[in-house]
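Single-structure report; data block below.
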Amino acid sequence: MQSDVLQLESASLYRDDQLIFNDISFELKGGDHLIIKGNNGSGKTSLIRTLCGLTQLTEGSVLWNHAPIDAISSDYYNHLAYLAHTNGLIPELTLLENLTYSLHKTDLDKDHSVLEGFQLKQSIQSPVATLSNGQSRKAALSFIIMSGKSLWVFDEPYANLDSQSIDYLNQRIAAHLSNNGMVITSTNREEVIPTTNLEITMS
């Protein structure tokens, strides 16, 4: 079966006449992991947002299977799982309720391995408002891993994670790639970056 492909072609972004990034291109296919590196304020999040269709490029195109994503948004988003700087959790709901709501699943027994991997199973009935920053980040990462989507896009996923959770996340990324999935990760923590075959450094 032919792999899906995500392409960024000659992408440039200006904001209020200020250049954020210029002339970036890449092609991502099944099994590929793109790392976007750079210091805070270098434009990593802006690039991530354009790839997710949340920010419009000034020049260039984002293509999914050779079609602009704004022309096929429903098909593209059926494949995309995106984690931003914020975790996107509902504080008043429990972790289980957040999972059920976000994943549109009522039976999560088969997914407890992910919660166990992130040391979250004991907190599944706890309101998200009572979780630590690290637990909340791991909960949001669990949604991505459990989503069933082929394209995972992470914006600084390692924030607030302990070393054991970093290792577990990298194991899940490796497993996803070996299953022909695609991953895009932005980070400024080079010491924790897993195996990758594509790289962009923002300046």
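Selection over the range 38-48 of residues that are part of a loop (DSSP other than H, G, I, E, B) and in contact (Cβ under 8 Å) with a residue 60 or more places away in the chain gives a count of 5. For the residues Gln171, Gln164, the requirement of being open to solvent by 60 Å² or more (accessible area, probe 1.4 Å), in contact with a Pro (Cβ under 9 Å, 6 or more places away or on another chain) and polar (S, T, N, Q) singles out Gln171. Can you say whether Leu115 is modelled with pLDDT under 95, open to solvent by less than 20 Å² (accessible area, probe 1.4 Å), of a type in the set (A, V, I, L, M, F, W, C) and part of a helix (DSSP H, G or I), as far as the supplied structure shows? Yes. If you go through the range 49-98 and pick out every residue that is small (Gly, Ala, Ser) and either assigned to a loop (DSSP other than H, G, I, E, B) or over 21 Å from Phe26 (Cα atoms) (or both), you end up with 5. If you go through the range 129-164 and keep only what is over 18 Å from Asn98 (Cβ atoms) and outside any strand (DSSP E or B), you end up with Ser150, Glu156, Tyr158, Ala159, Leu161, Asp162, Ser163, Gln164. Here the condition is being open to solvent by 50 Å² or more (accessible area, probe 1.4 Å), at negative phi and among the polar types (S, T, N, Q); of Ser178, Ser126, Ser142, it holds for Ser178 alone. Taking the range 54-90 as the range and being hydrophobic (A, V, I, L, M, F, W, C) and touching a Cys at 6+ places or on another chain (Cβ under 7 Å) as the test, only Leu80 passes.
When you scan the range 31-86, how many residues do you find that are basic (Lys, Arg) and under 21 Å from Ile145 (Cα atoms)? Qualifying residue count for the region: 1.
Within the range 146-153, not a single residue is within 30 Å of Ile193 (Cβ to Cβ), of a type in the set (D, E, K, R), touching a His at 6+ places or on another chain (Cβ under 6 Å) and open to solvent by less than 20 Å² (accessible area, probe 1.4 Å). Among the residues of the range 1-22, those identified as without any contact (Cβ under 8 Å) to a residue 24 or more places away in the chain and exposed (fewer than 14 other Cβ atoms within 10 Å of the Cβ) are Met1, Gln2, Asp16, Asp17, Gln18, Leu19.
The values are calculated or read from the model by the stated rules, or taken from the named source; none is laboratory data. All values derive from a computational prediction rather than experimental measurement. Cβ sites come from the backbone with ideal geometry, for glycine too, and all protein chains shown count toward neighbours. Side chains are part of the model used for accessible areas, which takes the heavy atoms of the whole protein and leaves out ligands, DNA and RNA. Shrake-Rupley method; radii C 1.70, N 1.55, O 1.52, S 1.80 Å.
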